[in-house]
1. Using modelled backbone amide H atoms (1.01 Å from N, in-plane), which distant-in-sequence or interchain residues come within less than 5 Å of Leu48's amide H?
2. Please give the length that would be gained between Asp88 and Glu54 if that part of the chain were fully extended, namely 0.36 nm times their separation in residues minus their C-alpha to C-alpha distance (nm, one decimal).
3. Give me, ordered by chain and number, the residues 5 or more places off Glu74 or on other chains with an amide H under 5 Å from its own placed amide H.
4. Using the Karplus curve 6.51 cos²θ - 1.76 cosθ + 1.60 with θ = phi - 60°, what ³J(HN,Hα) values do you get for each residue of region 91-107, in whole Hz, with x for Gly and Pro?
5. With a point put 7 Å past each Cα toward its Cβ, work out how far Glu74 is from Leu110 in nm, to one decimal.
6. Compare the peptides 35-41, 87-93 by average per-residue count of other Cβ atoms within 10 angstrom and give them in order, highest first.
Amino acid sequence: MWLLVGITGSSPPVGESVQTDIDPRTLIGRKAFDREGAKIGTVDEVYLDDATGEPEWAAVRTGLFSRDVFVPLEPSEVVGDTLRVPYDRALIKDAPDLGVGRHLSPEQELQLYHHYGLDVTG
């Protein structure tokens with residue numbers, strides 16, 4: 001199960017470089033881009049692992065039919081004031097439509113792991 005974090009973000013300090021240890025409080029409102037630099041949308045929500053409290057998924061509001069798509073926060077990176085997601089825009093756009101604003105079930109989580117080709121054992 002995943003816990004929704006509904007917090008407002010803040011801008012990172014000027015000159016911030018690549019950050020891989022993502023603080024969920026700074027993600028809301030950031031623009032998200034795919035691995036080629038194409039804009040995906042804006043981070044609306046961050047989901048935390050119930051057991052560890054670590055940020056696992058971001059719901060990004062896209063301009064594509066104005067829906068939220070889930071993107072994995074690992075191995076994504078914060079670069080300056082943006083979230084860089086290391087997947088193609090087409091793959092992100094085709095992510096399962098799971099709705100937002102509630103916990104992700106283990107089955108939904110598994111769908112996302114499979115969609116992004118992530119290791120489900122880790």
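1. Leu3, Leu4, Val5, Glu56
2. Extra length from Asp88 to Glu54 when fully extended: 9.8 nm.
3. Hits under the 5 Å cutoff: none.
4. 5, 4, 4, 8, 4, x, 8, 9, x, 10, x, 8, 4, 8, 6, x, 5
5. 2.0 nm
6. 87-93, 35-41
Every number here is computed from the coordinates shown, using simple stated rules; none is lab data. Predicted, not measured: the structure shown is a model, and the values here were computed from it. Cβ atoms come from the backbone with ideal geometry, glycine included; neighbour counts cover every protein chain shown.
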